[in-house]
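Below is one structure, written out as structure tokens; comments come after it.
The values are calculated or read from the model by the stated rules, or taken from the named source; none is laboratory data. Fair warning: this is a prediction, and the values are worked out from it, not measured in the lab. So basically every Cβ, Gly included, is an ideal-geometry build from the backbone, and we count neighbours across all protein chains shown.
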Amino acid sequence: MSFTATLFDLIKGCPRNIKRRLLRDILLILFVTSGAILTIVMVQGIKTQNDISTALINDSNRLVKKRFQSFTTPLNNTMRLLAKWGESNLLRLDDPELLARQFQALMEIQPTISSIALADTEANEVSLSHHNNQWLLYQHRKGRSITSSVINGKLINREENPNDSYNPAQSVWFRGAMTIAPAGNLFLTDPHILRGSEDVGITASLSWSRRDTPNNSFISSFSFTIKELMLFMEDLEITENGQILLLQKDGSLLNNLRNNNMQPSGAVSLQKGKNISEQLLSAVTRKLQESPSPANDVISIKNDNTTWWLGFTPLHDLTSDLWVAIVIPQSDIFSNLRNQWLRFGMLAGSILLTGILMTIFLVRRYSHQLKDLPQQHIDSYGYENEIAALIRAGESSTLEFKSTMRTNLKSGKTGKEIELAWLKTVTAFMNSDGGILLIGVEDDGTVIGIDADNFANEDKCRLHFKNLINTHIGAESSRFIHLKILTIQEKTILIIECERVRRPVFLSVGKNEDFFIRSGPSSMKLSMSQMINYLAER
């Protein structure tokens, strides 16, 4: 049984050889099993990829927020210390030089603070900022401002502006601490341009009152630059090519960490040495702007034939304008999936191995029975050896030889009895276990061919065969009978392959219908009662 012929029969969908049917069923089992494994792996792979992407991005978001908290916690403590000093009447707006020394001491301890301010509800404010190695003190008192340099705790180079329109009570950090933040809680502004340094930064503020005058409120604040924040957070690492970006919700500008120039993208990377393309940055910004509630959403985006996974989170619960975007290429996520794929591979291999072992077990168990199965089919490839083997085996319950299809060799004329003889064999095969009829082979196995039948060509032979089948057996049974015309030993022979048919097949001769079965190497006619019993036990 050649592989090509087997494959051809399998493609046709209904192999006539029972061995090939078994092979087909086994292959179907393996294909279905492999398909199920592949489907499971693909579905589980996609689910795992989504789960890991979401977990990785969420973990990165928590890491960024935790790092931001570690950045602001000492500053918050400094702010609360400043408030305690104020409550104890240790901070005095009417003594700016003392405030300058106090503020400077705190800022030297916490160098990430770029400025500290103290204001009251009567539009008075004193603030100290540190920029370009200079300490500058700003005083605002009811429309009048004074700017001084602080050197060795002394105020020098005073510059006064009697018509200053600045009012601290109108600033965001002042109003936020007074009206938005709960009592005793910090208020955090959105990024804005810091006074004096012109850097982009964030201001935290806290309202408090003196113990001796609880009805008078004061606001203390400190500011830090985005640059300082990024320097603190730039060593964060999520994946090899992953990006942590700092954005504003409306796409407003933030200053660049390295060159301090305004960046038109409205976003900066928190990771040193990593660049992001403008196209990808634009896609990330657009997703942030389009989403009404981007927090905790993990989505995938396409950019430059690369799939990226993206997630957003607000940098701090006290601000809704400053957002962190985690952007990770899918290739990095797949590198993290190696262990998952290994487990999938082991699972798939186990299932496939089980299927193979089951197949081997079934084949080995029934191999001895397969050897005894009747042959109903001869391959068109390499048929000479197969036919020679059949002829050597001799006639049996599934194999019979006939000399001619229609010619009586003794009289040299066509005879109806010759045709009915092989038709009986065909019906007997179909009512039994199937078989093969070789026409052009004598009973002793001598190959004589069908020259005596005098067919003009193969088409005439096939037409005569078809007419006999339709007339005496029925056209409805013709699909179970297959004719091949082959040449062996330079002789043309007919091979009639007969499949087993579950319903009874009759040989019609005139008005009579006879039922035949195989009994050893011959065909036997059954009576009506015998036929009923045979079919009942079949």
Write out, first by first residue and then by second, each pair whose Cβ atoms fall under 8 Å of each other, whose residues are 6+ apart or on separate chains, and whose first residue, in region 291-308, is part of a strand (DSSP E or B) while the second is charged (D, E, K, R) and modelled with pLDDT of 80 or more. I299/K287; I301/K287; W308/K302
Could you list, in sequence order, all residues of region 183-236 that are within 21 Å of Q102 (Cβ to Cβ) and of a type in the set (S, T, Y)? S197, T203, S205, S207, S209, T213, S217, S220, S221, S223
Among (1) at pLDDT below 80; (2) crowded, with 19+ Cβ neighbours inside 10 Å; (3) out of contact with any helix residue (DSSP H, G or I) (no Cβ under 6 Å at 6 or more places or on another chain), where does N259 come up short? (2)
Here are some residues: L486, L507, L420. Which one is within 17 Å of S403 (Cα to Cα) and part of a strand (DSSP E or B)? L486
S477 versus (1) crowded, with 16+ Cβ neighbours inside 10 Å; (2) of a type in the set (S, T, Y); (3) assigned to a strand (DSSP E or B): which is the lone unmet condition? (3)
I need a count of the residues in region 399-424 that are touching a residue at least 60 places away in the same chain (Cβ under 8 Å) and either at positive phi or not hydrophobic (A, V, I, L, M, F, W, C) (or both). 2
R80 passes all but one of the listed conditions (1) in the same structural domain as V150 (by TED's automatic domain parsing); (2) in a helix (DSSP H, G or I); (3) of a type in the set (K, R); (4) touching a Leu at 6+ places or on another chain (Cβ under 9 Å); the exception is number (1)
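Test S197 against the stated conditions and say whether it is hydroxyl-bearing (S, T, Y) and under 22 Å from A83 (Cα atoms).
no
Would you mind finding the one in S221, S217, S209, S148 that is in contact with a Leu (Cβ under 6 Å, 6 or more places away or on another chain) and small (G, A, S)? Steps first, answer last, please.
Working: S221 fails: in contact with a Leu (Cβ under 6 Å, 6 or more places away or on another chain); S217 fails: in contact with a Leu (Cβ under 6 Å, 6 or more places away or on another chain); S209 fails: in contact with a Leu (Cβ under 6 Å, 6 or more places away or on another chain).
None of the others qualify; the one that does is S148.
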Region 381-432: number of residues that are of a type in the set (K, R) and closer than 19 Å to E490 by Cβ: 1
Being within 20 Å of S205 (Cα to Cα) and of a type in the set (S, T, Y) is the filter; apply it to region 116-156 and report the residue that is surrounded by the most Cβ atoms within 10 Å (Cβ to Cβ). S127
Is it true that S320 is among the hydroxyl-bearing types (S, T, Y), farther than 30 Å from L245 by Cα and either modelled with pLDDT of 70 or more or out of contact with any Gly (no Cβ under 9 Å at 6 or more places or on another chain) (or both)? no
Only one residue in E160, E237 is exposed (fewer than 14 other Cβ atoms within 10 Å of the Cβ) and either part of a strand (DSSP E or B) or in contact with a Phe, Trp or Tyr (Cβ under 6 Å, 6 or more places away or on another chain) (or both), so which one is that? E160
Report every pair of residues separated by at least 6 positions or lying on different chains whose Cβ atoms are under 9 Å apart, first residue within region 109-127 and without any contact (Cβ under 8 Å) to a residue 24 or more places away in the chain and of a type in the set (D, E, K, R), second assigned to a loop (DSSP other than H, G, I, E, B) and surrounded by fewer than 18 Cβ atoms within 10 Å (Cβ to Cβ). E122/K142; E122/N216
